[in-house]
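Have a look at the structure below, then the notes.
The values are calculated or read from the model by the stated rules, or taken from the named source; none is laboratory data. The structure presented is a predicted model; accordingly, all values stated were derived computationally and were not measured. Glycine gets a Cβ as well: all are built from the backbone with ideal geometry, and neighbour counts include every protein chain shown. For accessibility, only protein heavy atoms count, side chains too; no ligands or nucleic acids. Shrake-Rupley method; radii C 1.70, N 1.55, O 1.52, S 1.80 Å.
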Amino acid sequence: MTENELIEIIEGLKRKKSESNFIEVKSAEKGCPKIFDTLSSFSNQQNGGIIIFGLKESDDFNICGVYDAENLQKRIMEQSLQMEPPIRPLITVVNIDNKNVLSAEIQEIDNFSKPCFYKGAGRLKGSYVRVGDSDRVMTEYEVYSYEAFKRKLEDELRVAQRACWEDIYTNNLKNFIVKLKAQKHNFDSLSDEKILRLQGFITYNREPTLAGIMLFSDYPQAFFPQLCITAVSVPGTQMSVVGNVGERFIDNKRIDGNITQMLDEAIMFVRRNMKTKTVINQNTGKRTDLTEYPVVAIRELIINALVHRDYSIYTDSTPITIKMFSDRIEIENPGGLYGRMTLDQLGKFSADTRNPFIANALEVLGETENRYSGIPTVLNSMAEYGLVPPQFASERGVFRVTLFNSSAKINSSNSEIENEILAFCSTPKSRSEIEAYFKGRMTIMYVMSRYIFPLTDKGLLKRTIPDKPKSKKQKYVSTDL
């Protein structure tokens, strides 16, 4: 960060009189404060954050100056080295009115190294997450979700308590074995029991696993009551809205069964509750029924929720949810993004698979392709329908996808600043023009990383020179959705 950029951030804080998800303020008039919690939370969140020393929050963020800039840098580095993994903050010092203000930029660490925590408190008590303008201790589940990937814990293979061989050796399973042998002839000579062990459906003691029960049991919810789908359709844009005769729900259903049964019933629920319009081709006179949302996108998202949800003991009481509003559909499953995947990489790179045995079984059954084509299919089908790109969110152990229908405006899913940028970029704007527009409010580095790049990834902005993203002549323009 340059000195001018730091000055701009300070001026913005004084105007706004508030910290943010990315900025923490410390006075440091009399010494270096403890910043272990903020070092942890910024390292664990996407895009990191900035700690600014020398401003007094209780005095409307006016400059108070730090006690000793050189010593403060040493103390910051000492605390950074007490983190696991160690942190390397980027320090900037600026003198304003003969008072030194110092900033420490904290970069997000790689997902494989998360959670970053203070060694003195340990992983469970020293791991933090940023919530608004404060740092909160991670829950045991949030810490576990990172550990599960690093240690390759296989929650889908845990034993299904109270279940026995007869609960899994059903017609559903026999059908699977027939299809598996037809596709993979090296299984022809193996016994059914050995096939089940190799596929992760039973243990060596013939105990059914969660994967086997969820895929093939006649009624998995007898063993895992909340591993189901709850689906509702409401009359307005919020859960609190009631209809003309006081109804809270247009439709409300708990969807049970094995994974393939829940998939089919969930699709039926959505189709039953979404609008369908008839379109007549003026040239051919052919009639076409056009659903409110592309069914192929709905199917892919429900499959993703069933396959990639967290099946650990921490989420046994948490079902997948489908919420249908007048302007959108929200599909939510327990378990945030898994492994090294980030939101801006969705659909662009192959992802780590949380439940590979379930995913492979569904591929054999013909329900999935297991080729990482799900998200691209959703994006393409929404674009073909002329709808706003889907909104993805991964936060505190939950992954959510929101699809907006044709009645939704672009601003329904964006912040005020995002809408301001989209309006400003109604005609192509260069980086320097964007910088001039936000001068005194936010640094160009912050605007680009926090807004421009994410809006571009979501398809709400596009580059005028897409094949040369780093071109000096590059401009950004709002897309015509």
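Assess whether residue 288 counts as being farther than 23 Å from residue 239 by Cα, open to solvent by 40 Å² or more (accessible area, probe 1.4 Å) and either assigned to a strand (DSSP E or B) or at pLDDT 95 or above (or both).
yes
Do we have residue 136 as among the basic types (Lys, Arg), surrounded by 14 or more Cβ atoms within 10 Å (Cβ to Cβ) and free of Cβ contacts under 8 Å to residues at least 60 places away in the same chain here?
The answer is no for residue 136.
If you scan segment 1-48, which residues turn out to be in contact with a Cys (Cβ under 8 Å, 6 or more places away or on another chain), hydroxyl-bearing (Ser, Thr, Tyr) and closer than 21 Å to residue 108 by Cβ?
40, 43
Yes or no: residue 468 outside any strand (DSSP E or B) and either without any contact (Cβ under 8 Å) to a residue 12 or more places away in the chain or in contact with a helix residue (DSSP H, G or I) (Cβ under 8 Å, 6 or more places away or on another chain) (or both)?
yes
Considering each residue of segment 362-399, count those that are free of Cβ contacts under 8 Å to residues at least 60 places away in the same chain and surrounded by 20 or more Cβ atoms within 10 Å (Cβ to Cβ), and give that number.
So the count comes out to 0.
Which of the residues belonging to segment 77-94 are touching a helix residue (DSSP H, G or I) at 6+ places or on another chain (Cβ under 9 Å) and either open to solvent by less than 40 Å² (accessible area, probe 1.4 Å) or outside any loop (DSSP other than H, G, I, E, B) (or both)?
Listed by number, the residues that qualify are 79, 80, 83, 84, 85, 87, 89, 91, 92, 93, 94.
Among the residues of segment 429-447, write down those that are buried (at least 18 other Cβ atoms within 10 Å of the Cβ) and at pLDDT 85 or above.
Answer for segment 429-447, where residues must be buried (at least 18 other Cβ atoms within 10 Å of the Cβ) and at pLDDT 85 or above: 429, 434.
Just one of the numbered conditions (1) at pLDDT below 85; (2) open to solvent by less than 10 Å² (accessible area, probe 1.4 Å) is not true of residue 52; which one?
Single failed check for residue 52: (1).
Scan segment 400-419 and give yes if some residue there is modelled with pLDDT of 85 or more and open to solvent by 20 Å² or more (accessible area, probe 1.4 Å), otherwise no.
Within segment 400-419, one or more residues are modelled with pLDDT of 85 or more and open to solvent by 20 Å² or more (accessible area, probe 1.4 Å).
Could you pull out the residue among 119, 99 that is of a type outside the set (A, V, I, L, M), farther than 30 Å from residue 342 by Cα and out of contact with any Leu (no Cβ under 8 Å at 6 or more places or on another chain)?
Selected residue: 99, the only one of 119, 99 that is of a type outside the set (A, V, I, L, M), farther than 30 Å from residue 342 by Cα and out of contact with any Leu (no Cβ under 8 Å at 6 or more places or on another chain).
Inside segment 301-344, can you point out the residues that are among the aromatic types (Phe, Trp, Tyr) and within 16 Å of residue 230 (Cα to Cα)?
Listed by number, the list holds a single entry, 325.
Please go through segment 14-43 and give me each residue that is closer than 15 Å to residue 132 by Cβ and part of a helix (DSSP H, G or I), ordered by number.
Listed by number, the residues that qualify are 16, 37, 38, 41, 42.
Just checking, does segment 140-153 include any residue being over 25 Å from the mean Cα position of the chain (by Cα) and either at pLDDT 95 or above or closer than 18 Å to residue 359 by Cα (or both)?
no
Residues are listed down the side, and each one gets a yes or a no for (1) over 23 Å from residue 358 (Cβ atoms); (2) open to solvent by 30 Å² or more (accessible area, probe 1.4 Å); (3) of a type outside the set (Phe, Trp, Tyr); (4) not in a loop (DSSP other than H, G, I, E, B):
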position: 277; (1), (2), (3), (4): yes, yes, yes, yes
position: 284; (1), (2), (3), (4): yes, yes, yes, no
position: 307; (1), (2), (3), (4): no, no, yes, yes
position: 329; (1), (2), (3), (4): yes, no, yes, yes
position: 339; (1), (2), (3), (4): no, no, yes, no
position: 344; (1), (2), (3), (4): yes, yes, yes, yes
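Tell me yes or no: at least one residue of segment 61-75 is assigned to a loop (DSSP other than H, G, I, E, B), closer than 30 Å to residue 14 by Cβ, without any contact (Cβ under 8 Å) to a residue 60 or more places away in the chain and under 34 Å from the mean Cα position of the chain (by Cα).
Checking segment 61-75: at least one residue is assigned to a loop (DSSP other than H, G, I, E, B), closer than 30 Å to residue 14 by Cβ, without any contact (Cβ under 8 Å) to a residue 60 or more places away in the chain and under 34 Å from the mean Cα position of the chain (by Cα).
Within segment 245-275, which residues are more than 30 Å from residue 171 (Cβ to Cβ), open to solvent by 80 Å² or more (accessible area, probe 1.4 Å) and more than 27 Å from the chain's Cα centre (by Cα)?
245, 248, 250, 275 - these are the residues of segment 245-275 that are more than 30 Å from residue 171 (Cβ to Cβ), open to solvent by 80 Å² or more (accessible area, probe 1.4 Å) and more than 27 Å from the chain's Cα centre (by Cα).
How about segment 139-179: which of its residues are open to solvent by less than 30 Å² (accessible area, probe 1.4 Å), farther than 21 Å from residue 200 by Cβ and not hydrophobic (A, V, I, L, M, F, W, C)?
Once the filter is applied, which keeps residues that are open to solvent by less than 30 Å² (accessible area, probe 1.4 Å), farther than 21 Å from residue 200 by Cβ and not hydrophobic (A, V, I, L, M, F, W, C), segment 139-179 yields only 142.
Identify the residue in segment 346-372 that is of a type in the set (A, V, I, L, M) and part of a helix (DSSP H, G or I) and, among all such residues, is nearest to residue 314 (Cα to Cα).
Ranking the qualifying residues of segment 346-372, first place goes to 358.
Consider residue 133 against the criteria (1) modelled with pLDDT of 95 or more; (2) acidic (Asp, Glu); (3) out of contact with any helix residue (DSSP H, G or I) (no Cβ under 9 Å at 6 or more places or on another chain): it satisfies all of them except one. Which criterion is unmet?
(1)
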